[in-house]
1. Would you confirm, using the coordinates I've provided, whether Ile157 is in contact with a His (Cβ under 8 Å, 6 or more places away or on another chain), surrounded by 10 or more Cβ atoms within 10 Å (Cβ to Cβ), among the hydrophobic types (A, V, I, L, M, F, W, C) and touching a residue at least 12 places away in the same chain (Cβ under 8 Å)?
2. Name the residue that is modelled with the highest pLDDT, counting only residues in segment 54-77 that are farther than 21 Å from Leu130 by Cα and surrounded by 13 or more Cβ atoms within 10 Å (Cβ to Cβ).
3. How about segment 91-108: which of its residues are at pLDDT below 75 and either open to solvent by 40 Å² or more (accessible area, probe 1.4 Å) or outside any loop (DSSP other than H, G, I, E, B) (or both)?
4. Would you mind finding the one in Thr191, Thr144 that is over 17 Å from the mean Cα position of the chain (by Cα) and not charged (D, E, K, R)?
5. What single numbered condition from (1) at pLDDT below 70; (2) part of a helix (DSSP H, G or I); (3) among the hydrophobic types (A, V, I, L, M, F, W, C) fails to hold for Trp135?
6. Mind listing whichever residues of segment 109-118 are over 16 Å from Val4 (Cβ atoms) and assigned to a helix (DSSP H, G or I)?
Amino acid sequence: FRSVGFFVGSFLHYHHLYFLSPLPQEIPSPLFAVSPIFLLPLLIFLGWRLTRMVRHLWTADCVANALRGAWNPLAASVVLAISFLCLPILKGGWSYTQLLSDLASNRQERVGERLFLLVAMLVGALTAGLTQKGWQPQRATIRTLGSCFIGGLLMGIGHQLVPGAHDSLTLIGQPLLLPHAWLAMGVIYLTLALIYAVIRLRSNSAH
């Protein structure tokens, strides 16, 4: 239902709320003006962190546990990161949110193969959920479905206001120090922090 809401939000923005979108501007990354020699310490640091991460995954038996259905959060994050890195290299920029946005905006570029990737992602997520230990199905309620739909609706509208999907903002825009990516993700981080604070206050008041 969140995906349905995202599609509807993108559709509403494209047909009725398009005037809210800012004028597109090409802002080059400030990193492009930096001499490559200054990137050497960053590459050394990334190599060191990658080595430590791989060593930790190996010694913690994360791979063996994953095959048994007990995913370690770090291992899952590494698999996602590698997948998101390989997918643009093999098939170009893609995300399911961008696909839904393009369909709502009557953009039909590479729809067939992107739909295939969407189905593969859904099947993978369903398979991972079914094989996860402690998984229990829950009955969907009207309130839950409504919350998912409204959340997706707001995400769809917000996606049209900021160029780029969540993946591209996080994996490309922020590392390149693009202002719009940091502004958009900063708003997301602030919203999550406020929601967490409200939940903590309600939990403390209940006790």
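The values are calculated or read from the model by the stated rules, or taken from the named source; none is laboratory data. Source: prediction; values computed, not measured. Here Cβ is always computed from backbone atoms with ideal geometry, including for glycine, and neighbour counts include all displayed protein chains. Keep in mind that these areas ignore ligands, DNA and RNA; they rest on the heavy atoms of the full protein, side chains included. Shrake-Rupley method; radii C 1.70, N 1.55, O 1.52, S 1.80 Å.
1. In short, yes.
2. His56
3. Listed by number, the residues that qualify are Lys91, Gly93, Gln108.
4. So the residue among Thr191, Thr144 that is over 17 Å from the mean Cα position of the chain (by Cα) and not charged (D, E, K, R) is Thr144.
5. Single failed check for Trp135: (2).
6. Val111, Gly112, Glu113, Arg114, Phe116, Leu117
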